[in-house]
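*Asks:* First the structure, then my questions, so here it is.
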Amino acid sequence: LLSLCYTEEAAVIVSGLKDTDVFVGESATFTCELSHPGVKNVQWWLDGSPLHNNFVTEISEQDGMVHTLTLNDVACHDSGTVTFRAGSLISSAKLLVKGTSFLE
């Protein structure tokens, strides 16, 4: 008998976050794909601070499996570690925002 009821523990990260370099004022997008939907307690973090959906931070999911974070109009101080957490699963990547020396 094949059970179609997945438990949270059975979920795995199929494709994790990747380090991203962008310039000031650009958008940075991070994507994490899970093996199946239904994982609870999904949260994005930047340097330990939880992120929430707003006009600068776009958080979305597709089919409950592909989770996407887009940071719009990034500034130098946005550089840091982006972390995706879904239940007990964690994926992290570095965000490097590159400025131009002649622009303040």
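The values are calculated or read from the model by the stated rules, or taken from the named source; none is laboratory data. The structure displayed is predicted, hence computed values, not measured ones. Cβ placement follows ideal geometry from the backbone for every residue including glycine, while neighbour counts extend to all protein chains displayed.
*Asks:* Consider only pairs whose beta carbons are under 6 Å apart and that are at least six residues apart or on different chains; among these, list those whose first residue lies in segment 36-64 and is closer than 13 Å to PHE84 by Cβ and in contact (Cβ under 8 Å) with a residue 12 or more places away in the chain and whose second residue is surrounded by 14 or more Cβ atoms within 10 Å (Cβ to Cβ) and hydroxyl-bearing (Ser, Thr, Tyr).
*Replies:* TRP45/THR83; LEU51/THR57
*Asks:* From the list SER60, SER79, SER88, which residue is out of contact with any Lys or Arg (no Cβ under 6 Å at 6 or more places or on another chain) and surrounded by 14 or more Cβ atoms within 10 Å (Cβ to Cβ)?
*Replies:* SER79
*Asks:* Still on this structure, I have one more. HIS77 is checked against (1) part of a loop (DSSP other than H, G, I, E, B); (2) of a type outside the set (Lys, Arg); (3) modelled with pLDDT under 95 and fails just one. What number does that condition carry?
*Replies:* Evaluating HIS77 over (1) part of a loop (DSSP other than H, G, I, E, B); (2) of a type outside the set (Lys, Arg); (3) modelled with pLDDT under 95 leaves (1) as the failure.
*Asks:* THR29 passes all but one of (1) polar (S, T, N, Q); (2) in contact (Cβ under 8 Å) with a residue 12 or more places away in the chain; (3) in a loop (DSSP other than H, G, I, E, B); which number fails?
*Replies:* Here THR29 meets the rest and fails (3).
*Asks:* Then there's this: In this structure, does LYS40 turn out to be basic (Lys, Arg) and at pLDDT below 95?
*Replies:* Against the criterion (basic (Lys, Arg) and at pLDDT below 95), LYS40 qualifies.
*Asks:* Does THR83 meet the test of being of a type in the set (Val, Ile, Thr), under 16 Å from ASP21 (Cα atoms) and at pLDDT below 95?
*Replies:* When the stated conditions are applied, THR83 does not pass them.
*Asks:* So, one more: Considering SER3, SER15, SER101, SER88, which residue is at pLDDT 95 or above and hydroxyl-bearing (Ser, Thr, Tyr)?
*Replies:* SER15
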